[in-house]
Amino acid sequence: MIRIVIADDHTIMREGLKRILDGAPDVDIVGEAVDGFEVLGHVRQGGFDLLLLDLSMPGRSGVDLIRQIKAEAPKLAILILTMHEEEQYAVRAIRAGAQGYLTKESAGTQLVGAIRKVASGRPYISTEVAEQLALNIMMPHESLLHKQLSDREFEVFSLLVAGKSITEIANSLHLSVKTVSTHKTRIMQKMGMSSLSEMVQYAVAHRLLSPFKT
């Protein structure tokens, strides 16, 4: 039996996932979480094998949360379920310690298989993500500007180009407005840009725009 915790802040999404998993006799849902703090509570309590984790939730989320989970529970399997289709999000999640990455659009047909694969100790990633990971190994100094950003900077960059204000980002990531402003300044310096519009144009050109939840 694969014991899992579902972490997603949308009730409808959690209920939909439970319906999908109802037909899997070897999967047992033992807990749910609606934000990063509840996720960490489950991790510290233990008693489950796999965390089905939304990449964007209130409180601690994203790559930062993955890293903390792996630091506290190195053997816990993590399968990311997200709206983000772009390979760059998947690569960062995998490098942070996630064993699998699945888009919500694919959950209906691939979720059970992905859970079984990740629970057995094997990775579950698309061909495109595998190719991107290989390219990162073969060309670690590739010149794409966004690859110079730290994981936190990339998260702030993604929210900025998605139209979020500095105050909204600070609230979403539980950071101070000053810290987010500092991240924005460093991002623009690293990418050699002088305006938000330049960042948005870059994001569009490199398919980095993705829907973030508030």
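The values are calculated or read from the model by the stated rules, or taken from the named source; none is laboratory data. The shown structure was predicted, so the numbers you read here are calculated from the model rather than taken from an experiment. When we count neighbours, we look across all protein chains shown, and the Cβ atoms used for this are built from the backbone with ideal geometry, even at glycine. What goes into the accessible areas is simple: the full protein's heavy atoms, side chains included, and nothing from ligands, DNA or RNA. Shrake-Rupley method; radii C 1.70, N 1.55, O 1.52, S 1.80 Å.
Solvent exposure of the chain amounts to 48 Å² per residue of accessible area, where only protein heavy atoms count and the probe is 1.4 Å. The calculated P(r) of the range 145-206, using every Cα pair and 10 Å bins from 0, goes 24, 61, 15, 0 in percent.
Taking trypsin sites (Lys or Arg not before Pro) across the range 13-111, the ones in a DSSP loop with at most 13 further Cβ atoms lying within 10 angstrom of their Cβ are K75. Rg and Dmax of the chain, both derived from C-alpha coordinates alone, stand at 17.3, 55 Å.
A Cβ-based charge dipole, computed about the Cα centre of the range 2-135 with Lys and Arg at +1 and Asp and Glu at -1, lands at about 460 debye.
With 0.36 nm allotted per residue and the present C-alpha distance subtracted, the F37-D151 stretch has 39.1 nm of extension available. At the listed q of 0.23, 0.32 Å⁻¹, the Debye profile of the range 48-99, built from one uniform point per Cα, gives log10 I(q)/I(0) equal to -0.82, -1.46. Helices in the chain, meaning DSSP H runs of at least 4 residues, each add -39500 (n - 2.57). Divided by all residues, the mean residue ellipticity at 222 nm is -16000 deg cm²/dmol.
Could you tell me what percent of the accessible area of the chain is made up of carbon and sulfur, with a 1.4 Å probe and every protein chain present?
53
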